[in-house]
Amino acid sequence: MTVITVNTPKGRLSLEERRALAETLTDAVLVPEVGQFAPAARVGFQVHFVEREPDMMAIGGRLLADTGQGLDVMVIDVAVMDGDWRREVRAEVIERVLASMAEACGLPEPSPAWWVNFRVIDEGSWGSSGGAGPAAPRWIPLLPAARRARAARSPR
């Protein structure tokens, strides 16, 4: 179970950008987690887009509505199941998420006001299919054999 939540000012992302990001953000986390491109594993990933009015977001202690600068502010929250998330894997995910955002938005690089939070959900702190973890999610059998073995060994 992975949930990616993209928080933006209202109207920042077009429908086409959200369509592209639904796939590219999923793969930005999936590939480092699984160790390869595995489209069948996408079912274990959700991407949520949350838009907020400019008077509901602030940066530097000021509401976006009051800055008058049209600041390009976003927070992307990546929440993953407990597993083998070494520092270098988390860094790879964050870099891939930011690159996906920049590409979808047609920018050469991410805005410095785009922040990514990477959170690991502890064993027993999530549920699916009518129960609480650590039972393996139903999408685990869709993973390549090597990743299934790693997922089975990793604490959830």
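The values are calculated or read from the model by the stated rules, or taken from the named source; none is laboratory data. The structure displayed is predicted, hence computed values, not measured ones. Using ideal geometry, Cβ is built from the backbone for each residue, glycine included, and neighbour counts are taken over all protein chains shown. Just the protein is used for accessible areas: all its heavy atoms, side chains included, with ligands, DNA and RNA removed. Shrake-Rupley method; radii C 1.70, N 1.55, O 1.52, S 1.80 Å.
For the range 11-45, enumerate the residues that are surrounded by 14 or more Cβ atoms within 10 Å (Cβ to Cβ) and either part of a strand (DSSP E or B) or charged (D, E, K, R) (or both).
Result: R12, E17, R18, E23, D27, E33, R42, F45.
Within the range 99-117, if we keep just the residues that are open to solvent by less than 40 Å² (accessible area, probe 1.4 Å) and farther than 15 Å from F49 by Cα, the residue that is nearest to the chain's Cα centre (by Cα) turns out to be A102. For the range 46-80, the candidate set comprises residues that are polar (S, T, N, Q) and open to solvent by 60 Å² or more (accessible area, probe 1.4 Å); within that set, the residue that is modelled with the lowest pLDDT is Q69. Pairing residues of the range 8-19 that are charged (D, E, K, R) with residues that are in a helix (DSSP H, G or I), at Cβ distances under 7 Å and at least 6 apart in sequence or on separate chains, gives E17/A104. If only residues of the range 118-133 that are in contact with a Lys or Arg (Cβ under 8 Å, 6 or more places away or on another chain) and surrounded by 15 or more Cβ atoms within 10 Å (Cβ to Cβ) are counted, the one that is nearest to V75 (Cα to Cα) is F118.
If a residue has to be in a strand (DSSP E or B), within 18 Å of S14 (Cβ to Cβ) and among the charged types (D, E, K, R) to count, how many in the range 46-84 make the cut? The total comes to 2.
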